[in-house]
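Working notes, beginning with the structure itself.
Every number here is computed from the coordinates shown, using simple stated rules; none is lab data. Predicted model only: the values in this text are computed from it and were never measured. In this analysis, Cβ positions are derived from the backbone assuming ideal geometry, glycine residues included, and neighbour counts consider all displayed protein chains.
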Amino acid sequence: MSAQPHEIFNFTETSDACIKCGKCIPVCTIHNVNADEVTSPRGFIDLLGAYQRGQLELDFNAKEIFESCFLCTNCTDVCPKALATDMVIEQVRADIAQKFGIAWFKRAFFYLLRHRFTMDILFKMGYVFQTCGFKIKAEIDSMEPRFTLPIIKKDRLLPSMGKTSFLNSYPENISNGGKRRVAIFIGCLGNYNYTKIGDGLVEILEALNIDVFIPKKQLCCGAPAYFTGDFATVDHNAKKNIEYFESFIDEVEAIIIPEATCSAMIKIDYDHYFHDQPQWKQRANKLKSKIFMATEWLEQNTDLKAVLATKEKSSTAVTYHDPCHARKMQSVYKEPRSLIEQNYTIKEMSDPNVCCGFGGVTMQTEKFHFAQAAGRPKAAMIAKSGAAIVSAECSACRMQINNSLYEANVDVVFKNPIELIAQALKGK
């Protein structure tokens, strides 16, 4: 899939604005595991400026460099000039995709992201296949089975597939007898792999007497394709989602999303992507006021916190990891903690804001050694916290952290905060 034609993004403007202060270096995820100036934020943007000026060829070596960024946004968080390094790298990856193409397995995956009906069929087959065709480790809570994928060539912990997807498990409308109504955007991993997140969210809204609308035609937010440079898929999915959301946005109080990456993509990155399509940019921005991460909306707009305070408090300790797309991009980090601490003891790890090392499709397949290296410090922090559960409102982080814990032999269970809250409401 080739990228959609876009106006040339001004890499030179970003490069010229960088004052080379180096504040980004200590927090850069890739630089911490591959200490080379070229794989640092200021290195990336300096090379991008040279590329636009015609001083750097976009060859295979440049491709490898630009694909090594985790897009964790740590650099933009500390940059004194607020330079959007992540955005310019996302843009150049479209140029890379146009020149070098996209690997067959990524193209197949992105095709499925555009065609959910086909994905439903394959995931249903995958469920049967994984339970019959692989020797798998028994699933305990959030620990996923272990098997080998040929494209990854690594015996590692990967998420299992649910028997029935979340979107296919519920009717479109759920009446809870309330005067309020919200829509749920579930995200691909929540829809197919971690279905208990959606179940928990439905249960929470039922307890709050809030009616639920589950939009059946929602597509993948487009984040995996966006971070890889497949702008054709982003263009298709983003426009389809915007059109669909517009059809019901006035009938719901909010669209709540229990996934940091999906929420950030729809609320923030759609604006970035449509930088040269002003009409679509405007339409995307009109939706922003009703897009929320699930814990953000529940904590700020309902009495859930007070309801949880009436429930029994568990002695179980929870440590919270801040997903990059939650804290740094959306400033959501207090809300999940505020809700969790009503019923659990929170033991903060030494640096919850450090990137877990997921890094996207390319990092997880072609550069997994970088993901492993970035995941080890996070696993060590979690182990040292002494908590029995690690939580984060992001299934990409869940996949990465579970594998890091598995490789480090750390016996800690991962739960989305929505799952913890739903358990507390049931007294479990």
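Rank these for me by crowding, ARG327, ARG42, going from fewest to most other beta carbons within 10 Å.
Values: ARG327 18, ARG42 24.
By the 10 Å Cβ count, ascending: ARG327, ARG42.
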Checklist entry - What's the angle, to the nearest 10 degrees (0 to 90), between helix 278-287's Cα axis and the longest principal axis of the chain? => result 20
Item to check | the range 395-426-the range 229-279 distance, computed between alpha-carbon centres (Å) | outcome: 27
Checklist entry - Roughly how many nanometres apart are two label points built 7 Å out from the Cα toward the Cβ at LYS311 and ASP36? => result 4.9
Next on the checklist: In whole Hz and in residue order, list the ³J(HN,Hα) couplings for the range 360-365 that follow from phi through the Karplus curve 6.51 cos²θ - 1.76 cosθ + 1.60, θ = phi - 60°; x for Gly and Pro.
Outcome noted: x, 4, 5, 5, 6, 10
Item to check | 3J(HN,Hα) from dihedral phi, the range 346-352, Karplus parametrisation 6.51/-1.76/1.60, rounded to Hz, x for glycine, proline | outcome: 9, 10, 5, 6, 4, 8, x
Item to check | Projected label distance in nm at ASP271 and PHE105, using a 7 Å step from Cα toward the beta-carbon | outcome: 3.6
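Rounded, prolate or oblate, given the Cα gyration tensor of the range 275-354, with a/c below 1.5 counting as rounded? Write down the numbers at each step before the final one.
Details: a/c = 5.50, a/b = 1.79, b/c = 3.06.
Oblate, since a/c reaches 1.5 and b/c is not below a/b.
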Checklist entry - Packing-wise, with mean Cβ within 10 Å as the measure, how do 383-390, 263-270 rank, highest first? => result 263-270, 383-390
Next on the checklist: Compute, for the chain, the length of the dipole vector about the Cα centre, with Cβ point charges of +1 (Lys, Arg) and -1 (Asp, Glu) only. Units Debye, rounded to 20.
Outcome noted: 720
Item to check | Between helix 395-407 and the chain: long-axis angle, C-alpha atoms, 0 to 90°, nearest 10 | outcome: 90
Checklist entry - When VAL307, VAL212, VAL202 are ordered from fewest to most other Cβ atoms inside 10 Å of their Cβ, what list results? => result VAL307, VAL202, VAL212
Next on the checklist: Which residues among the range 209-240 fall inside the zone where the amide N is under 18 Å from a point 7 Å beyond the Cα of GLN279, along Cα→Cβ?
Outcome noted: 235-240
Item to check | Amide N proximity, the range 96-120 versus GLU243 label position 7 Å along Cα-to-Cβ, cut-off under 15 Å | outcome: 114-116
Checklist outcome for this item: By the C-alpha gyration tensor axes a ≥ b ≥ c (rounded if a/c is under 1.5, else prolate when a/b exceeds b/c, else oblate), the shape of the range 303-425 is prolate
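For the range 175-238, what does the alpha-carbon gyration tensor say about shape, rounded, prolate or oblate, given a ≥ b ≥ c as the root eigenvalues, a/c under 1.5 as rounded, and a/b over b/c as prolate? List each step's numbers first, then the result.
Numbers: a/c = 4.02, a/b = 2.22, b/c = 1.81.
Taking the square roots of the gyration eigenvalues as a ≥ b ≥ c, the range 175-238 is prolate.
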Checklist outcome for this item: Calc'd 3J(HN,Hα), the range 324-341, phi into Karplus 6.51 cos²θ - 1.76 cosθ + 1.60 (θ = phi - 60°), Hz, glycine/Pro = x, comes to 4, 7, 9, 6, 7, 8, 10, 6, 9, 8, 6, 4, x, 5, 4, 6, 4, 5
Checklist entry - Which of the pairs LYS347/LYS367; LYS124/LYS288; LYS267/LYS415; LYS290/LYS347 have their Cα atoms more than 27 Å apart in this structure? => result LYS347/LYS367; LYS124/LYS288; LYS290/LYS347
Next on the checklist: How tilted is helix 195-207 with respect to the longest principal axis of the chain? Cα atoms for both, answer in degrees (0 to 90, nearest 10).
Outcome noted: 50
Checklist outcome for this item: Dipole check, the range 303-425, charges on Cβ (K,R +1; D,E -1), about Cα centroid: among LEU405, ALA422, HIS325 the Cα furthest to the positive pole belongs to HIS325
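Suppose we keep just the DSSP beta bridges with both residues in the chain; what percent of those would be antiparallel, to 5? It would help to have the intermediate numbers written out before the result.
On the way: 5 of 22 bridges.
That works out to approximately 25 percent antiparallel.
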Checklist entry - Using modelled backbone amide H atoms (1.01 Å from N, in-plane), which distant-in-sequence or interchain residues come within less than 5 Å of VAL410's amide H? => result none
Item to check | Packing rank of 399-411, 342-354, 15-27, where each peptide gets the mean count of other beta carbons within 10 Å, highest leading | outcome: 399-411, 342-354, 15-27
